[in-house]
Structure formats: C-alpha cells, structure tokens
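Novice: Can you read through this structure? Questions will come right after.
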Amino acid sequence: MIELRQLTKHYGRTTAVDGLSFDVRPGMVTGFLGPNGAGKTTTMRMILGLDAPTNGTATIRGRRYADLPAPMREVGALLDARAVHPGRSVLNHLKSLAQSNGIARNRIEEVLGLVGLAQIADRPAGRLSLGMSQRLGIAAALLGDPEVLLFDEPVNGLDPEGVVWIRTLMRDLAAEGRTVLVSSHLMSEMALTADHLVVIGRGRLLADVELAEFIRSSSRESVLVRTPDAEELACRLRDAGAAVRPGADDTLVAEGLESAVIGKVALAHGVVLHELTPHRISLEEAYMELTRDSVEFGAVEGSGR
C-alpha cells in the first residue's frame, strides 16, 4: 500500500505537486496518468525519498521510504533506465545492488531470466539499447522480490513483443497481491494493463477511479449514423432530444439517444438507414477530455513550423 496525504512540492514559486492525496492498493495495477509537466515523476521521487516534500506525507506500508529497514526487499522502482554505470556489466550492476542489500546470488539469475537478459549478462550497461536498459531497470526493481513496485514509463524503447511482455508482467505481479504503480503516456497500453487510474494535472488530482468507471463517466455514448437523408434525420433526432453533429463522409454523430431509439425515430419518419454503429468513448478520448485544461506544453494551433 502506498499512501499520499496532502503531498506538496514547491520549487521556488513553481508548484510541481499540489496537495495530492490518494492510495495505491495491493492486488491491482494502478495507472498514473497526466500530461507532461503534471508532476508524475516528482510524485514518484517523493514516494521514494529522492525529493523531500514541501508539505504532506508519502508512506509505503505505513512508513516513509527512508525509514524502511530493507528498502529493496520492500520497494522496487524504475524511474530512469539509463541511471547505471555505463562501464559496468549487466551482471555486475545487479551484483552490486544485491550485495549492498543482502540479496542472494541466485536471485540475480532469476531476474535475469525473467527479464530476458541472461544471454547478455556480460555486456556493458552503456552498450544496451533503450529497450534493453528498460529490462535491466525492471530486473533491478524486482531484485529484492518487493511487495511494492513503481515504474515510470516502463515501455519506452520496447519493441511490440517487449510491450506485451511488460503488460503481462505488471498484471502477473498485481495478481500475486503486490502493489503496482505505473505511469505511461500510452493510453492504449493503460487500457489493457491498468485496473485503477490516478490522473493528475498541474500537480493536482483530477481522478482517482476504476478504469471502467473512468471511461463510463467521462462522456455519453455516441452513435454513428449513415443515411442519404442526413439533414432530415438530424432534425428529427434533435426534436427527440439528441445532440447531433456532422461526421465524416456524410455521416451523423448522435449523443443522448441509444441506437435502438434512433432506429425507431428513423422508421417513424421514413428515413433510410445505411449504418447505425454505437461508439463507446476510449480511454484516450476520456483522458484527453479530462486533461484538456491541464496541458502545460501543448502545440499552438496553426503553427506549421
């Protein structure tokens, strides 16, 4: 269990994290989402004691990270895959971590096999690709067999096989009863990986909710309608209480009425339908809708250079 209570971080006049309070519970994957600059990495660094909060607390299983008697056996983390000595081999990097934390040698061999690096254990860490560096960082996080795990953008640099692998690993770890907090910009992956979402913007909590509920509550279901009598049907649907807007290729997008009701309205007025397709908002669409006003580094419309 990770518990944050009014966690706040100021850098001079800049507020990076602003009164965050939420729990990361065991037995599920919690996706940690937010635009660039939202404060995700700063929050993770405060959980791990790498940055001191200005106010509030971040505890792991009831203690601050600095007070844990055997940190690597209780918490594993990947924040920066390149934060290794480039001249040290994969094996020696893990050896140094294991020796300093009283972890047995056979555990090194286990995690090397788990992350797929056993065949290149003698390769210098500085010669690894970003994807292989991510795997090494994950191996280090798992080395102490901890109950609590934090991963900051773990799929960066991974090939498609690697993305599927990390997705399966996260879900397997959660299924074992571990606490798993993972940040990512890939909404398609979060939709397949996370059970629960914590969304922040400009350092503030925007949502703390189950994935399915987040999508369900973010917007009404829309229905794509294709008909040769678009203007007529749009008029009739508005009369029935729907919000209607033009879609691509002479279609309509209707919100506020189920597809069955739309079909009945069309039948009652003799309107021919060529397509009637319900559309449930995706995680990406729901996320964009929620964080629209929290984007700090967005592109300027109309700027082509």
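The values are calculated or read from the model by the stated rules, or taken from the named source; none is laboratory data. The structure presented is a predicted model; accordingly, all values stated were derived computationally and were not measured. Cβ atoms come from the backbone with ideal geometry, glycine included; neighbour counts cover every protein chain shown.
Novice: Considering segment 16-56 alone, what residues qualify as being surrounded by fewer than 17 Cβ atoms within 10 Å (Cβ to Cβ), of a type in the set (S, T, N, Q) and in contact with a strand residue (DSSP E or B) (Cβ under 7 Å, 6 or more places away or on another chain)?
Specialist: Selection gives Ser21, Thr54, Asn55.
Novice: Now, a different point. Whether any residue in segment 137-144 is surrounded by fewer than 18 Cβ atoms within 10 Å (Cβ to Cβ) and either at negative phi or in contact (Cβ under 8 Å) with a residue 60 or more places away in the chain (or both) is what I want to check.
Specialist: Looking for residues that are surrounded by fewer than 18 Cβ atoms within 10 Å (Cβ to Cβ) and either at negative phi or in contact (Cβ under 8 Å) with a residue 60 or more places away in the chain (or both), one finds none in segment 137-144, hence no.
Novice: If you take just the strands (runs of 3 or more DSSP E) that sit entirely in segment 1-64, which of them hold at least 3 residues that are under 17 Å from the mean Cα position of the chain (by Cα)?
Specialist: In segment 1-64, 14-24, 28-33 are the strands (runs of 3 or more DSSP E) which contain 3 or more residues that are under 17 Å from the mean Cα position of the chain (by Cα).
Novice: Oh, and also: Need the failing condition index for Thr193 against (1) surrounded by 21 or more Cβ atoms within 10 Å (Cβ to Cβ); (2) among the β-branched types (Val, Ile, Thr); (3) more than 11 Å from the chain's Cα centre (by Cα), just the number.
Specialist: Here Thr193 meets the rest and fails (3).
Novice: Filter segment 161-177 for residues that are among the charged types (D, E, K, R) and in contact with a helix residue (DSSP H, G or I) (Cβ under 9 Å, 6 or more places away or on another chain); which is surrounded by the fewest Cβ atoms within 10 Å (Cβ to Cβ)?
Specialist: Arg171
Novice: Follow-up. Residues of segment 80-101 being modelled with pLDDT under 90 and either surrounded by fewer than 20 Cβ atoms within 10 Å (Cβ to Cβ) or among the charged types (D, E, K, R) (or both), which ones?
Specialist: Arg82, Ala83, Ser100, Asn101
Novice: Restrict the check to segment 80-96 and report whether at least one residue is in the same structural domain as Gly12 (by TED's automatic domain parsing) and touching a residue at least 60 places away in the same chain (Cβ under 8 Å).
Specialist: Checked segment 80-96: at least one residue is in the same structural domain as Gly12 (by TED's automatic domain parsing) and touching a residue at least 60 places away in the same chain (Cβ under 8 Å).
Conditions tested, residue by residue: (1) more than 30 Å from Arg61 (Cβ to Cβ); (2) of a type in the set (Ser, Thr, Tyr); (3) in contact (Cβ under 8 Å) with a residue 12 or more places away in the chain; (4) part of a helix (DSSP H, G or I).
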| residue | (1), (2), (3), (4) |
| --- | --- |
| Leu114 | no, no, yes, yes |
| Gln119 | yes, no, no, yes |
| Gly131 | yes, no, yes, yes |
| Arg135 | no, no, yes, yes |
| Pro146 | no, no, yes, no |
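Novice: Then there is this: Looking at Arg216, Arg226, which one is surrounded by 15 or more Cβ atoms within 10 Å (Cβ to Cβ), under 29 Å from Val272 (Cβ atoms) and not hydroxyl-bearing (Ser, Thr, Tyr)?
Specialist: When all the criteria are applied, what remains is Arg226.
Novice: With (1) modelled with pLDDT under 95; (2) touching a helix residue (DSSP H, G or I) at 6+ places or on another chain (Cβ under 7 Å); (3) not hydroxyl-bearing (Ser, Thr, Tyr) as the list, and Val300 as the residue in question, which single condition is left unmet?
Specialist: Going through (1) modelled with pLDDT under 95; (2) touching a helix residue (DSSP H, G or I) at 6+ places or on another chain (Cβ under 7 Å); (3) not hydroxyl-bearing (Ser, Thr, Tyr) one by one, Val300 breaks only (2).
Novice: Follow-up. For segment 169-208, which positions are in a helix (DSSP H, G or I), at pLDDT below 95 and not aliphatic (A, V, I, L, M)?
Specialist: Ser188, Glu189, Thr193
Novice: Just to be sure I understand the filter: pairs with C-beta atoms under 6 Å, separated by 6 or more residues or on different chains, first member in segment 158-177 and not assigned by TED's automatic domain parsing to the domain that holds Leu128, second member at pLDDT 95 or above. Which pairs pass?
Specialist: Correct list of pairs: empty, since none qualify.
Novice: Which one of these is exposed (fewer than 14 other Cβ atoms within 10 Å of the Cβ) and under 21 Å from Phe214 (Cβ atoms): Glu275, Glu285, Glu289, Glu255?
Specialist: Just a single option satisfies the conditions, and that option is Glu289.
Novice: Assuming Gly157 fulfils every condition listed in (1) in contact with a Leu (Cβ under 6 Å, 6 or more places away or on another chain); (2) under 30 Å from Leu91 (Cβ atoms); (3) assigned to a helix (DSSP H, G or I); (4) not β-branched (Val, Ile, Thr) apart from one, which condition is it?
Specialist: Unmet for Gly157, out of (1) in contact with a Leu (Cβ under 6 Å, 6 or more places away or on another chain); (2) under 30 Å from Leu91 (Cβ atoms); (3) assigned to a helix (DSSP H, G or I); (4) not β-branched (Val, Ile, Thr): (3).
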